[in-house]
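Inspection log for the structure reproduced underneath, given as structure tokens.
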Amino acid sequence: MKKYWHVINVGIQNNLTYRFNFLARTLFGLIPLVAILYVWQAIYFGKSQGSEVGTYTLPQMISYYLIVTIVDALTAVNEDDWQIAADIKDGNISQFLLKPIDYLIYRLCLFLSGRITYLAVAAIPLALFILVLRQYLVLPPDWPTVGLFLVSVLLTALLQFFTSYAMALLAFWVLEVSTFIFILFAFEYIASGHMFPLDILPNRLAQALFFTPFPYQMYFPVGIYMGKISGPALARGLLVQAGWVAAAYILARFMWHRGIRKYSAVGG
Amino acid sequence: MNNSNPSRRLYSGARRYFRIYAALWKNSVAREMSFKTNFLMWIVVELLWFGLQLSFIGVLYLHTDHIGTWTKWQVVMLIGASHLIQQIFQAFFLINCTNLSELVRTGKLDFLLLLPVNTRFVVSLRQVDLGAFVNALGALGVMIYAACQLNLVPTFLQVMGFLVLCLAGVLIHYSLMFLLASISFWTVRAQGIVWGYYNLFQIARMPDEAFRGLFKAFFTFAIPMLLVSNVPVRLLVNKFSVRYLFLLLAMSVVCFVVSEFGWRASVKRYTSASS
């Protein structure tokens, strides 16, 4: 177990050299966020006082995007998928076949250290930003909800990581995985609730989306926080989310197993 | 003897640069065609993201029928125009701007500095992204469809004006991106900043009337993202005033001049990489 602590430790130190990049990413990322909030504000101002979009008032809508930003900072896969694909392409994974280290757990540790460093850098600008908008921030209904929200965020992080990991393993079979990664990311971006809350979609469409893993990569934890998902729906949702995590984990393990057979360590 | 006449010299200079550029094009075509699948896949990726932007607008307009005075199909037109400008910028300049930090980091810039041509010219135009032209056509298609929905029949003058304003928009994207890329002379880890520019594209496709206060002023007069595609579309959908036209043209010149100063100051700092 101790060796993986070292991985996390080294990972954090490596990531710290990119702190300037992380800061730039956070600050630049706030610009489109502010823009979308302005657009929503214009939409609400064009309506009569106190009207709602779906079930959202203006403060709730703004809160939704703020919570999305926080969950994203906690769970988004940053460079991990590119690095995994590069490791395979350059033959770097050969060494992991010889060492008593599990590559998936090794990458999970690096993902964790990446998130810790990112949060350390992004926390201050994000906190300031939320402080400025605090009058709009809606708080979760009660403490148990906060706990369930955090559980769901953890599952979201794992789901994000395992799907990205499995996607990057395509590098065993194809030369250039970046297009695949971008295509998956596009679907994830719109169908996970990154761009807008999924429950403002027509009912049928929103329900159909819940048969895919995408809502569990963003909308679900945010929905818990906002109190939009509660009671039996929440319990059932957490189970489904855990199920998707397990499925993505099995897929990742399976692909590794098959990929290794095909792997020929080019240039390794 | 043929160097005595300044206009002739200008002409032969232009012809020389044109021939260099033609050679660069030939190279790019050869490069793209050696990875055909990849070439097609990138077109699919861009199409998908374009579709995503359009669906976002579709969802917004399920819940309202106007943002400021902008109606649904006017905003579709705006997204189309913004994509068109972005793709043209991408076709000519984007890869070259992102590659600049790599040229500095590896010291390959030495080679380009020694060539008997304007360095900014080669650095900016070395590669052409052919897929972006295909996506520009897609954007144009969406714009035409939106124009039909709006029953717009633009006059010849409007179309010409639109194209000129689009070019000004491309010039702004290029100048700002090149300026950002020049930062890599100061810090090697500039790639993050360069990719950060992608976030600015997202503002360019939003209707300007949604914005107020400091944000609007900043993205109009400091980083003129709110002019780049809003002004050309305003000309087409009859929301136009001459003030905007001059503002966009003036800002594009200002951006270009600033980027030239930035570039010159940056190159002075260049010390090559130890090899």
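The values are calculated or read from the model by the stated rules, or taken from the named source; none is laboratory data. Nothing here was measured: the structure is a model prediction, and the numbers come from that model. As a convention, Cβ positions derive from the backbone with ideal geometry for all residues, glycine included, and neighbour counts pool all protein chains shown.
Key figures for this structure:
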| quantity | calculated |
| --- | --- |
| Residue check, residue B:170 among the aliphatic types (A, V, I, L, M), in contact (Cβ under 8 Å) with a residue 60 or more places away in the chain and surrounded by 23 or more Cβ atoms within 10 Å (Cβ to Cβ) | no |
| Filter result (polar (S, T, N, Q) and either under 15 Å from residue A:69 (Cβ atoms) or at pLDDT 95 or above (or both)) within the range A:13-44 | A:26 |
| Number of positions in the range B:100-121 that are surrounded by 18 or more Cβ atoms within 10 Å (Cβ to Cβ) and in contact (Cβ under 8 Å) with a residue 40 or more places away in the chain | 4 |
| Test: residue in the range A:49-57 that is in a helix (DSSP H, G or I) and at negative phi | no |
| Flag for residue B:33 being closer than 23 Å to residue B:198 by Cα and either not hydroxyl-bearing (Ser, Thr, Tyr) or not assigned by TED's automatic domain parsing to the domain that holds residue B:205 (or both) | no |
| Residue check for residue A:63: polar (S, T, N, Q), over 24 Å from the mean Cα position of the chain (by Cα) and either loosely packed, with under 15 Cβ neighbours inside 10 Å or more than 9 Å from chain B (Cβ to nearest Cβ) (or both) | no |
| Qualifying residue in the range A:11-23 (condition: more than 19 Å from residue A:227 (Cβ to Cβ), of a type outside the set (Ser, Thr, Tyr), surrounded by 14 or more Cβ atoms within 10 Å (Cβ to Cβ) and more than 14 Å from every other protein chain (Cβ to nearest Cβ)) | yes |
| Close pairs from the range A:49-63: first in contact (Cβ under 8 Å) with a residue 12 or more places away in the chain, partner hydroxyl-bearing (Ser, Thr, Tyr) and assigned to a helix (DSSP H, G or I), Cβ under 8 Å, at least 6 apart | A:53/A:44; A:56/A:64; A:58/A:44; A:58/A:136; A:59/A:136; A:61/A:44; A:62/A:136; A:63/A:136 |
| Helices (runs of 4 or more DSSP H) completely within the range A:142-246 that count 3 or more residues being surrounded by 23 or more Cβ atoms within 10 Å (Cβ to Cβ) and touching a residue at least 12 places away in the same chain (Cβ under 8 Å) | A:143-168, A:219-225 |
| Matching residues, the range B:237-260, being aromatic (Phe, Trp, Tyr) and modelled with pLDDT under 95 | B:240, B:244, B:246 |
| Filtered residues of the range B:234-256 (kept if closer than 13 Å to residue B:168 by Cα and out of contact with any Pro (no Cβ under 9 Å at 6 or more places or on another chain)) | B:244, B:245, B:246, B:249, B:250, B:253, B:256 |
| Total residues in the range A:123-141, condition of a type outside the set (A, V, I, L, M, F, W, C) and outside any helix (DSSP H, G or I) | 2 |
| Near pairs, Cβ below 8 angstrom, 6+ apart or cross-chain, from the range B:17-39 (within 14 Å of chain A (Cβ to nearest Cβ) and part of a loop (DSSP other than H, G, I, E, B)) to any residue that is at pLDDT below 90 and surrounded by 13 or more Cβ atoms within 10 Å (Cβ to Cβ) | B:35/A:176 |
| The range A:84-93, subset assigned to a helix (DSSP H, G or I) and surrounded by 16 or more Cβ atoms within 10 Å (Cβ to Cβ), residue nearest to the chain's Cα centre (by Cα) | A:84 |
| Checklist (1) of a type outside the set (A, V, I, L, M, F, W, C); (2) within 12 Å of chain B (Cβ to nearest Cβ); (3) within 30 Å of residue A:264 (Cβ to Cβ) applied to residue A:54, failing item | (3) |
